[in-house]
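Enquirer: Have a look at this one before I ask anything.
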Amino acid sequence: MVQRGIIIGRFQPPHRGHIEVSKQILREVDELIVGIGSAQESHTSENPFTAGERVLMLTRALAEAEIDLSRVHLIPIPDVNNNAIWVSHVLSLSPPFEIVYSGNPLVRRLFKEAGFKTRKPPMFKRKEYWGTEIRDRMVKGGRWEELVPEAVAGVMREIKAVDRLKDLSKTDYLLR
Ligand code: NAP
């Protein structure tokens, strides 16, 4: 039987740490489902990229890392306003899976209560490979490219991500 694991994150944006975690999980299971969480969110400082942009960044970065894409499924997952039904919602959108990988205690708790095996994946160079840090550097003109795979940097350039992040940060200022 094919064994599948799922990892769910917002991937705002995908970084080198996420790709390393994906490689690690693919040593443990036959196939990996990458759930792109908060799929309905975009164009905010916390969630600047659309689900479609995140799909593109992840697909290209996984291919660049020579990960066999026939072993990976990318699934956008919008949030629901009720944690108690979230696991059923994820199950309705995803290929079947047996193991849930998450650094988030709430995610592990919800899946554990639904009878799934849960594991906390290792994090790689956590202080550097961190979505918040990357978004912050993009706004402040810092060196962010080295924290993301070259393929992700390419998509960022294509969609003019730095300009977007800078404009969104001005919007935050106006709303305060
Ligand atoms: P997340 O928002 O991507 O991650 C939250 C924080 O944990 C980020 O700082 C992230 O860093 C970090 N992180 C990611 N993987 C980690 C790991 N293995 N170890 C330590 N830290 C890690 O994702 P999440 O909080 O895990 O949630 C997943 C998604 O599920 C979200 O979109 C959330 O909204 C959704 N969710 C929805 C419901 C609902 O709709 N009711 C319920 C539960 C969860 P990076 O930014 O560097 O990745």
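Enquirer: Inspect all residues belonging to the range 39-48 and state whether any of them is part of a helix (DSSP H, G or I) and within 10 Å of the ligand (Cβ to nearest atom).
Expert: Within the range 39-48, none of the residues are part of a helix (DSSP H, G or I) and within 10 Å of the ligand (Cβ to nearest atom).
Enquirer: Using the structure shown, decide if Arg164 is more than 16 Å from the ligand (Cβ to nearest atom) and surrounded by 14 or more Cβ atoms within 10 Å (Cβ to Cβ).
Expert: In short, yes.
Enquirer: Right, something else. Please give the number of the condition Val29 fails out of (1) outside any helix (DSSP H, G or I); (2) of a type in the set (A, V, I, L, M, F, W, C); (3) within 15 Å of the ligand (Cβ to nearest atom).
Expert: With respect to (1) outside any helix (DSSP H, G or I); (2) of a type in the set (A, V, I, L, M, F, W, C); (3) within 15 Å of the ligand (Cβ to nearest atom), Val29 is out only on (3).
Enquirer: Would you kindly identify the helices (runs of 4 or more DSSP H) lying entirely within the range 74-161 that contain at least 1 residues that are in contact (Cβ under 8 Å) with a residue 24 or more places away in the chain and away from the ligand (no atom under 14 Å from the Cβ)?
Expert: Helices (runs of 4 or more DSSP H) meeting the threshold: 131-140, 150-158.
Enquirer: With the requirement that a residue be among the β-branched types (Val, Ile, Thr) and within 16 Å of Gln12 (Cα to Cα), what does the range 127-176 give you?
Expert: Within the range 127-176, Thr132, Ile134, Val139, Val148, Val152, Val155, Ile159, Val162 qualify.
Enquirer: Still on this structure, please answer the following. With respect to Val34, determine if the residue is in a strand (DSSP E or B), surrounded by 14 or more Cβ atoms within 10 Å (Cβ to Cβ) and within 12 Å of the ligand (Cβ to nearest atom).
Expert: Yes: the conditions hold for Val34.
Enquirer: Restricting attention to the range 1-15, report how many residues are within 10 Å of the ligand (Cβ to nearest atom) and not in a loop (DSSP other than H, G, I, E, B).
Expert: 3
Values in this text are rule-based calculations from the coordinates and carry no lab data. Keep in mind that this is a model prediction, so the values were computed, not measured. Neighbour counts run over all protein chains shown; Cβ positions are idealised from the backbone, glycine included.
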